[in-house]
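Visitor: Here you go, one structure.
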Amino acid sequence: MIHPMNRSALDRYRLPRIKWWPDAQQVREPAFDQLRSLAFDLVVISEKAHLVGASSAEAVCFALAEKGLV
């Protein structure tokens with residue numbers, strides 16, 4: 001049986017939904033479009049790390065390192 005926390009992470013990893021992301025038409029930040037794909041990648045990488053046993057903080061740090069941001 002999958003733990004409820006992992007089930008939620010698995011759903012977000014397997015079935016990311018566009019509606020979970022801010023509407024670009026409502027954001028008045030020029031860098032939004034440039035950074036949206038990075039944010040999506042960070043979510044997917046951190047969720048995958050969490051699914052294999054990393055804590056939330058470890059998963060985020062891993063994702064940042066994978067993208068070369070730390």
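Visitor: Restricting the first residue to the range 51-70 and requiring it to be closer than 16 Å to S37 by Cα, which pairs with a second residue that is loosely packed, with under 11 Cβ neighbours inside 10 Å meet a Cβ separation below 6 Å and a spacing of at least six or different chains?
Guide: Taking only residues 6 or more apart or on different chains, the pairs are L64/V70.
Visitor: May I ask you to list the residues in the range 21-70 that are outside any helix (DSSP H, G or I) and polar (S, T, N, Q)?
Guide: Matches in the range 21-70: S55 only.
Visitor: Here's something else I'd like to know. Kindly indicate whether E66 is open to solvent by 50 Å² or more (accessible area, probe 1.4 Å) and either at pLDDT 90 or above or touching a strand residue (DSSP E or B) at 6+ places or on another chain (Cβ under 7 Å) (or both).
Guide: Spelling it out, E66 is indeed open to solvent by 50 Å² or more (accessible area, probe 1.4 Å) and either at pLDDT 90 or above or touching a strand residue (DSSP E or B) at 6+ places or on another chain (Cβ under 7 Å) (or both).
Visitor: Now for a different question. Are any residues in the range 29-63 of a type in the set (D, E) and open to solvent by less than 70 Å² (accessible area, probe 1.4 Å), and if so, which ones?
Guide: D41, E47
The values are calculated or read from the model by the stated rules, or taken from the named source; none is laboratory data. Fair warning: this is a prediction, and the values are worked out from it, not measured in the lab. As a convention, Cβ positions derive from the backbone with ideal geometry for all residues, glycine included, and neighbour counts pool all protein chains shown. Only protein heavy atoms, including side chains, enter the accessible area calculation; ligands, DNA and RNA are left aside. Shrake-Rupley method; radii C 1.70, N 1.55, O 1.52, S 1.80 Å.
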